[in-house]
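Visitor: One structure coming up, written as structure tokens, with questions to follow.
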Amino acid sequence: QDEVLNILGMDPKSDEQLIWIAEHAARVELPPDWVEFEDDEGNPAYYHEKTKRLTTQHPVISKYKDFIVKVRSFQERRGTIGQKVKPHLAVLMNEVLNRIHKELPPMTVELMERLAVLLYIDTALEHTLTRRVKIAIESYAEEQYDVAVQASQKADMDSFLTEVRMEQIRLEVLSKPDAVIMCTEIEGQPARVKCDQCKDFFSLEGFTATHSTGKRRNHTVEKCEQVVCSIYTDQLATCEVEQTLFCDRAYEEVATRQPHLRQKRKKILGGLSCSEYPTRVAEVLCEDCSDLYSWEAYIELHRRGNRVTHVPLRLDKDGILYRSGVPCSPEETARLIDRARKAREGGPWLAFQDDQYNTFWFNLEDKAVS
């Protein structure tokens, strides 16, 4: 762990409240398609077979560095550098439990904003994480209240913190896409090959421009495989329509100008994951929940209460939805899946209940109430 602290530029004393980030970084697994080996000096090195990227640093470490920079910036803005989390969290959790004891909704806007500051979450920007933390603390507080009543035990902060921090790591580090490798010669063009002799990455045009004469004419190349958006070439593609690759932003812009595009089959690259168990493949879409699940997660969440009446739409390996065994049209499939993905990502509006159990909506960006 000391080595990881050094790589991340962290100090054990001044960064005591952020050590959990280094602890996770020290045991993080290699992403898919990366292999570890020893270089000529016996030091660890990492190689990505598809892109031909070679590095002596764990490929995920840079994302942890970015996360730490983001957290430190938040602490500076809020004046919370060095603030201990657990004592303040215990006070806040006690307030939530007291509200449950008084048969009031567990969370208020004010409590949510205070909790977010403790967990280094900028609610005005990080809507998804804010929403998930709200759900997590409400569920956790209800569970802890039952334990406290039945066994006279104090609420356990550690398991809640672990759950929330794992979600932060997943969203801020593990789910962050890799940067597109760009051509070293021509600005704005993604790399398509890596020169075996130069060790640089080039677009095909860039390689031709630099290797058509002289000694470089005999240089050999390896293919750099990247699935890049056809519109925004510095972004990885997320979907494919009629053999054209788009990132989410490009698809929305093009489909707005060319509505017929929405009637074509839209393939989500990399597949869709279960919202409850992100490492599992989504096998069903619940139209009522507007969410994607594995079958196990769907059954687990829909076996009691009002959700029992929900009807699942089966999702096959090709990304096609089936309602009662009948395939949905490409347009409807794309609409339902896009809606589920956007609902998962969330927008700025978050639902709360006042003390009379009336639902109201709070805008995380401008802090307005509707």
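Visitor: Could I have the simple spin-label model distance between MET166 and SER139, label points 7 Å from Cα toward Cβ, reported in nm to one decimal?
Guide: Placing both labels 7 Å beyond Cα along the Cβ direction yields 1.1 nm.
Visitor: If you don't mind, there's one more thing I want to ask. Search the structure for amide H atoms under 5 Å from the amide H of GLN235, placed 1.01 Å from N in the peptide plane, and list their residues when 5 or more places away or on another chain.
Guide: Close amide H contacts, sequence-distant or interchain: CYS229.
Visitor: Exceeding 32 Å between C-alpha atoms, which entries from my cross-link table qualify? They are LYS86/LYS176; LYS65/LYS86; LYS176/LYS267; LYS199/LYS266; LYS52/LYS215.
Guide: LYS199/LYS266
Visitor: Sticking with this one: Alpha carbon centre of segment 1-47 versus segment 171-244: separation in Å?
Guide: Rounded to whole Å, the Cα centres lie 27 Å apart.
Visitor: In nm, to one decimal, how far is the GLN243 label point from the GLU103 one, both placed 7 Å along Cα→Cβ?
Guide: For GLN243 paired with GLU103, the spin-label model returns 6.6 nm.
Visitor: Suppose R0 equals 30 Å. What FRET efficiency, 1/(1 + (r/R0)^6) with r the Cβ-Cβ distance, do ALA179 and ILE299 give to the nearest 0.05?
Guide: Calculated value: 0.20.
Visitor: Under a 1.4 Å probe, what is the accessible area of the chain per residue, stated in Å²?
Guide: Heavy-atom SASA per residue in the chain reads 57 Å².
Visitor: Quick check on the chain: helices-only [θ] at 222 nm, where DSSP H runs of length 4 and up contribute -39,500 (n - 2.57) each and the sum goes over total residues. Nearest 500, please.
Guide: It comes out at -12000 deg cm²/dmol, rounded to the nearest 500.
Visitor: While we're looking at this one, here's another question. Can you tell me the FRET efficiency between GLU113 and ASP196 if r is taken as the Cβ-Cβ distance and R0 is 51 Å, rounded to the nearest 0.05?
Guide: Efficiency, from the Cβ-Cβ distance: 0.40.
Visitor: Treating cross-link reach as a plain straight distance, find the lysines whose alpha-carbon is under 24 Å from the alpha-carbon of LYS367, omitting any fewer than eight places away in the same chain.
Guide: List returned: LYS70, LYS134, LYS342.
Visitor: If you take the beta carbon distance between ILE268 and ASP354 as r and set R0 to 41 Å, what does 1/(1 + (r/R0)^6) give as a FRET efficiency, to the nearest 0.05?
Guide: In this case the efficiency is close to 0.60.
Visitor: Taking θ as phi - 60°, what are the ³J(HN,Hα) couplings along segment 303-319 by the Karplus curve (6.51, -1.76, 1.60), each to the nearest whole Hz, with x for Gly and Pro?
Guide: 8, 8, x, 5, 5, 4, 7, 5, 10, x, 9, 6, 10, 8, 5, 8, x
Visitor: How many percent of the accessible area of segment 44-92 is carbon or sulfur, using a 1.4 Å probe?
Guide: Carbon and sulfur: 56 percent of the exposed surface of segment 44-92.
Visitor: If a/c stays under 1.5 just call it rounded; otherwise compare a/b with b/c (prolate if a/b is bigger, oblate if not). Do that for segment 183-228, with a ≥ b ≥ c from the square roots of the Cα gyration tensor eigenvalues.
Guide: Oblate, since a/c reaches 1.5 and b/c is not below a/b.
Visitor: Also, I was wondering about something else. Give the accessible area for GLU41 in Å² (nearest 10); use a 1.4 Å probe, count only protein heavy atoms, and leave out ligands, DNA and RNA.
Guide: Counting only protein heavy atoms, GLU41 exposes about 140 Å² to solvent.
Visitor: Loop only per DSSP, at most 15 neighbouring Cβ atoms within 10 Å: give me the GluC sites (Glu not before Pro) in segment 233-302, ordered by residue number.
Guide: GLU242, GLU287
Visitor: Got a sec to turn the phi values of segment 32-49 into Karplus ³J(HN,Hα) couplings, 6.51 cos²θ - 1.76 cosθ + 1.60 with θ = phi - 60°, whole Hz, x for Gly and Pro?
Guide: x, 6, 9, 10, 9, 8, 9, 7, 5, 8, x, 8, x, 9, 9, 9, 9, 4
Visitor: Would you mind telling me the share, in percent, of accessible area of segment 155-312 contributed by carbon and sulfur at probe 1.4 angstrom?
Guide: Carbon plus sulfur share of accessible area: 48 percent.
Visitor: Now for a different question. Out of these labelled values of Rg and Dmax of the Cα atoms in Å, [x] 18.9, 55; [y] 20.7, 67; [z] 24.3, 82, which was calculated from the coordinates shown here?
Guide: This structure yields the entry labelled [z].
Visitor: Got a sec to turn the phi values of segment 234-247 into Karplus ³J(HN,Hα) couplings, 6.51 cos²θ - 1.76 cosθ + 1.60 with θ = phi - 60°, whole Hz, x for Gly and Pro?
Guide: 9, 10, 6, 6, 10, 8, 9, 10, 6, 6, 10, 8, 9, 8
The values are calculated or read from the model by the stated rules, or taken from the named source; none is laboratory data. Remember, it's a predicted structure, so these values are computed and weren't measured experimentally. Ideal geometry is used to build each Cβ from the backbone, glycine not excepted, and the neighbour counts take in all protein chains shown. For the accessible areas, the whole protein counts, side chains as well, though only heavy atoms, and no ligand, DNA or RNA atoms are used. Shrake-Rupley method; radii C 1.70, N 1.55, O 1.52, S 1.80 Å.
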